[in-house]
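Novice: One structure, as structure tokens, below. Some questions next.
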Amino acid sequence: QVQLVESGGGLVQAGGSLRLSCAASGRTFSRYTVAWFRQAPGKEREFVGTIRRNGDSTYYADSVKGRFTISRDNAKNTVYLQMNSLKPEDAAVYYCAARGAARSTDYQTSYDYWGQGTQVTVSS
């Protein structure tokens, strides 16, 4: 089992950057595929991007491709979401999620473990 804690959210102006962190408990974090999702007020939670166990592969939602980058440091049990060129529509609560399978997926129901979320606010 793994516990996830997100951090790094906050208020940023449009065009700015933030880096979110997802810290995991447990010694087997490298066995988990990790994804980021987000949920804006009044909207359903949506996929942002995912990274495979060893960090060799990532893929992103079209809405963030080219602006967001996911990376991981398994020695530190941490996954990062670097967000650049932020837009007001990126404002949301951001969640990290983990699954034990090797294959990446954008299906929320495929992820077994979730963090509590961190708020990102983007001012125009």
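The values are calculated or read from the model by the stated rules, or taken from the named source; none is laboratory data. Note that the structure is a prediction, hence the values are computed from the model and not measured. Cβ atoms come from the backbone with ideal geometry, glycine included; neighbour counts cover every protein chain shown. Side chains included, ligands, DNA and RNA excluded: accessible areas come from the protein's heavy atoms. Shrake-Rupley method; radii C 1.70, N 1.55, O 1.52, S 1.80 Å.
Novice: Take region 21-60 and flag every residue that is within 22 Å of Gly10 (Cα to Cα) and small (Gly, Ala, Ser).
Specialist: Ser21, Ala23, Ala24, Ala35, Ala40, Gly42, Gly49 - these are the residues of region 21-60 that are within 22 Å of Gly10 (Cα to Cα) and small (Gly, Ala, Ser).
Novice: A follow-up question, please. For residues in region 68-98 being of a type in the set (Lys, Arg) and more than 15 Å from Val120 (Cα to Cα), which is modelled with the lowest pLDDT?
Specialist: Among residues in region 68-98 that are of a type in the set (Lys, Arg) and more than 15 Å from Val120 (Cα to Cα), the one modelled with the lowest pLDDT is Lys76.
Novice: Also: Give the residues of region 50-71 that are surrounded by 17 or more Cβ atoms within 10 Å (Cβ to Cβ), free of Cβ contacts under 8 Å to residues at least 40 places away in the same chain and assigned to a loop (DSSP other than H, G, I, E, B), sorted by residue number.
Specialist: Hit for region 50-71 is Val64, nothing else.
Novice: Something else about it: Among the residues of region 43-54, is any over 18 Å from Tyr113 (Cα atoms), of a type in the set (A, V, I, L, M) and within 14 Å of the chain's Cα centre (by Cα)?
Specialist: Looking through region 43-54, none of the residues is over 18 Å from Tyr113 (Cα atoms), of a type in the set (A, V, I, L, M) and within 14 Å of the chain's Cα centre (by Cα).
Novice: Right, next: So Ser110 passes all but one of these: (1) open to solvent by 20 Å² or more (accessible area, probe 1.4 Å); (2) within 19 Å of Val2 (Cα to Cα); (3) of a type in the set (Gly, Ala, Ser); (4) in contact with a Phe, Trp or Tyr (Cβ under 9 Å, 6 or more places away or on another chain). Which condition number does it fail?
Specialist: Every listed condition holds for Ser110 apart from (4).
Novice: Need a quick list: strands (runs of 3 or more DSSP E) entirely within region 77-124 having at least 2 residues that are more than 17 Å from Ala14 (Cβ to Cβ).
Specialist: 78-83, 92-99
Novice: So, one more: Do we have any residue at all in region 26-34 that's farther than 13 Å from Ala91 by Cα, among the aliphatic types (A, V, I, L, M) and part of a loop (DSSP other than H, G, I, E, B)?
Specialist: no
Novice: Out of the residues in region 72-98 that are over 13 Å from the mean Cα position of the chain (by Cα) and among the charged types (D, E, K, R), state the one that is least open to solvent (accessible area, probe 1.4 Å).
Specialist: Among them, the one singled out is Asp73.
Novice: Does Leu11 satisfy the condition of being modelled with pLDDT of 95 or more and farther than 16 Å from Ser110 by Cβ?
Specialist: For Leu11, the condition - modelled with pLDDT of 95 or more and farther than 16 Å from Ser110 by Cβ - is met.
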